[in-house]
Amino acid sequence: MQFLSFVREHARPLAFGALHAFYSAPGQTFCIGLFIAVVGDDLGMNPAEIGGLYLAGTLGSALTLLFVGQWIDHVRLVHFSAAVIGGLALACFAMASAAGEFTLFLAFYLLRLTGQGLMVHVEATATARAFERERGRALGITALGMPLSEMVFPPLAVAGIAVLGWRPTYLAFGAVALLVLLPFTQWLLRGIRRAPPPGGHGKGAWRGLVAGLAMLMRSRFVWCALPNLAVHPFFVTGLMFHITTVAAAKGWSVGLVAASFPASAAASVAGLFASGYVIDRVSARRMFLFQSMPVAVALLVLGMSRAEWVLPVAFALIGLAGGLAKPVVTAVWAELFGLASLGTIRSAAAMYLVLMSATAPFVYGALLEAGVGIDAILVGSAIVGIACTLPPFYAAWRRFG
């Protein structure tokens, strides 16, 4: 009852955030990946070529995110949100018109920047600013847009490709963003009595960027947090990119892999609610200490057994970790540094996370190419992952800020 009352009372800001998370799908890997085969066939490109362009686009978007994302601290949210949604529509149109290597790289770059990067950035930053006492719960609710998106967009994409073709499908994604999502989110913001204000302490954009980065660099807690922050994006991305190789080495079918994803989605939802509850009643900093541990346990379980039941259990642990981390990664910055430079600080953190996720497939691929066994890679990853969770405990013990 308290949950329903909270949602009814704050329906507009929660819907605004959740819609941005939900419609980040056209720029997320789980959606783009469904188009790779047909795009390759149409453009005469092999998976390795497309994979290289995708990696380059992702790295480029990560580097740009720091400079673009910090503007949320200096302009009104209604204008920043409109620009991001318009940019996502443009990215979808670019994807639909891709005709070669350069145009496909440009489409990947724009999709990753606006979809994976800025749409989620708006959701998290606006929600953190709109709520204070119940920030964790609010972030957990708006983040539910992501697992809902993972359920809705894949079948829509597959059906669209089969019935319309891949280009009209991405055109439709862009048209819906421009004609439906944009006016609806603008209407939601106009109805919020106290819309989240820009921060920036009155500084110019570039001075604000320098000031925000300086705060990060001075914080000893941040330096201790970096290894823990990297655990989920690095190890989970590496695992998922090579999941068919892992399954083949273990003697598991692709059907078992597909059947294990619902366990991840369900555990992710549970993690979102649990994380929001703990953040509001304890603190984001304490929740941060434990957010990555399920990933290390999942890798260890995968590396030490070939039983089929291990895979859905590992996927559930990975989903739980993702659900725990999503609200924490934003809330912990708000606790440490306040709200004025939250957009800048969160942009820098997001850039770091994307870079970690982009390098993981290469590292795992290099290990496999060198002849290292799957079990050794997984167990070694678990050991490194556990080691990465320890520095924040040291920071908490020393009370670093």
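The values are calculated or read from the model by the stated rules, or taken from the named source; none is laboratory data. All figures in this text were calculated on a predicted structure; none of them were measured in a lab. With ideal geometry, Cβ positions are generated from the backbone for all residues, glycine too; neighbour counts draw on all protein chains shown.
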Condition broken by VAL354, with the remaining ones in (1) crowded, with 18+ Cβ neighbours inside 10 Å; (2) more than 19 Å from the chain's Cα centre (by Cα); (3) under 14 Å from ALA230 (Cα atoms) satisfied: (2)
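Only one residue in ALA395, ALA321 is at pLDDT 90 or above and either not in a helix (DSSP H, G or I) or not assigned by TED's automatic domain parsing to the domain that holds ALA130 (or both), so which one is that?
ALA321
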Segments classed as helices (runs of 4 or more DSSP H), wholly inside segment 93-168, with at least 3 members that are at pLDDT 95 or above: 101-111
Within segment 50-65, considering residues that are under 15 Å from the mean Cα position of the chain (by Cα) and surrounded by 21 or more Cβ atoms within 10 Å (Cβ to Cβ), the one nearest to LEU34 (Cα to Cα): THR58
Enumeration of residues in segment 76-92 that are surrounded by fewer than 23 Cβ atoms within 10 Å (Cβ to Cβ) and either in contact with a Phe, Trp or Tyr (Cβ under 6 Å, 6 or more places away or on another chain) or not in a helix (DSSP H, G or I) (or both): ARG76
Search result, residues across segment 1-14 that are part of a helix (DSSP H, G or I), surrounded by fewer than 19 Cβ atoms within 10 Å (Cβ to Cβ) and not β-branched (Val, Ile, Thr): GLN2, PHE3, LEU4, SER5, PHE6, ARG8, GLU9, ALA11, ARG12
Residue in segment 234-245 that is modelled with pLDDT of 90 or more and either surrounded by 15 or more Cβ atoms within 10 Å (Cβ to Cβ) or of a type outside the set (Phe, Trp, Tyr) (or both) present: yes
Residues of segment 72-117 that turn out to be more than 26 Å from ASP41 (Cβ to Cβ) and without any contact (Cβ under 8 Å) to a residue 12 or more places away in the chain, as a count: 2
Pair list, Cβ < 7 Å and 6+ apart or interchain, from segment 202-218 residues that are modelled with pLDDT of 70 or more to residues that are buried (at least 18 other Cβ atoms within 10 Å of the Cβ) and of a type in the set (Phe, Trp, Tyr): MET215/PHE337
Total residues in segment 279-301, condition surrounded by fewer than 22 Cβ atoms within 10 Å (Cβ to Cβ) and in a loop (DSSP other than H, G, I, E, B): 4
Identity of the residue in segment 37-49, without any contact (Cβ under 8 Å) to a residue 24 or more places away in the chain and touching a helix residue (DSSP H, G or I) at 6+ places or on another chain (Cβ under 9 Å), that ends up surrounded by the most Cβ atoms within 10 Å (Cβ to Cβ): GLY40
Out of SER283, SER260, SER264, sole residue that is under 27 Å from THR142 (Cα atoms) and within 19 Å of the chain's Cα centre (by Cα): SER264
Residue identified as basic (Lys, Arg), out of contact with any strand residue (DSSP E or B) (no Cβ under 8 Å at 6 or more places or on another chain) and within 22 Å of HIS79 (Cβ to Cβ) among ARG135, ARG112, ARG129: ARG129
Filter pass, LEU311 being in a helix (DSSP H, G or I), out of contact with any Pro (no Cβ under 6 Å at 6 or more places or on another chain) and assigned by TED's automatic domain parsing to the domain that holds PRO361: yes
Complete set of residues in segment 139-164 that are in contact (Cβ under 8 Å) with a residue 24 or more places away in the chain and more than 30 Å from ARG12 (Cβ to Cβ): VAL158, ILE161
